[in-house]
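The values are calculated or read from the model by the stated rules, or taken from the named source; none is laboratory data. Everything numeric here is computed off the predicted structure, so don't read it as measured data. FYI the Cβ positions are ideal-geometry reconstructions off the backbone, even for glycines, and counts take in every protein chain you see.
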Amino acid sequence: MGSELSITCFRFAPPGVTDRDRLNQLNRSILESINAAGCAHLSPTTLDGWYCLRVCIVNFRTKKSDIDLLVNLVTEQADRAINA
């Protein structure tokens, strides 16, 4: 039986970056930036030592464009963090 929760765990992992500490810090920075901006809210979790981002979608009016916005926010914040 599948889960009825609408929670997805993920992390941003740019090509060629495999260092766990660097990726954990990058994802922590992404989460903090997005939450501070107030456009979306992510929660953190750690899976097998990897810092991950969690999104929980419970509003039945959520559209694909809302998910696309979140993906864009994550990649924009990742680009800022990498280029800082």
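The table that follows gives values for the structure above.
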quantity	calculated
Every residue from segment 14-44 that is surrounded by 13 or more Cβ atoms within 10 Å (Cβ to Cβ) and of a type in the set (Ser, Thr, Tyr)	29, 33, 43
Residue in segment 12-21 that is under 16 Å from the mean Cα position of the chain (by Cα) and either on the phi > 0 side of the Ramachandran plot or of a type in the set (Phe, Trp, Tyr) (or both) present	yes
Count of residues meeting criterion [under 16 Å from residue 77 (Cα atoms) and not in a helix (DSSP H, G or I)] in segment 16-50	7
Matching entry among 33, 65, 43 (being small (Gly, Ala, Ser) and touching a strand residue (DSSP E or B) at 6+ places or on another chain (Cβ under 7 Å))	43
Failed criterion for residue 14 (all others in (1) in contact (Cβ under 8 Å) with a residue 24 or more places away in the chain; (2) over 17 Å from residue 83 (Cα atoms) hold)	(2)
Hey, residue 54 in contact (Cβ under 8 Å) with a residue 24 or more places away in the chain and within 11 Å of the chain's Cα centre (by Cα) or not	yes
Pair list, Cβ < 6 Å and 6+ apart or interchain, from segment 57-80 residues that are loosely packed, with under 12 Cβ neighbours inside 10 Å to residues that are among the polar types (S, T, N, Q) and at pLDDT below 95	58/6
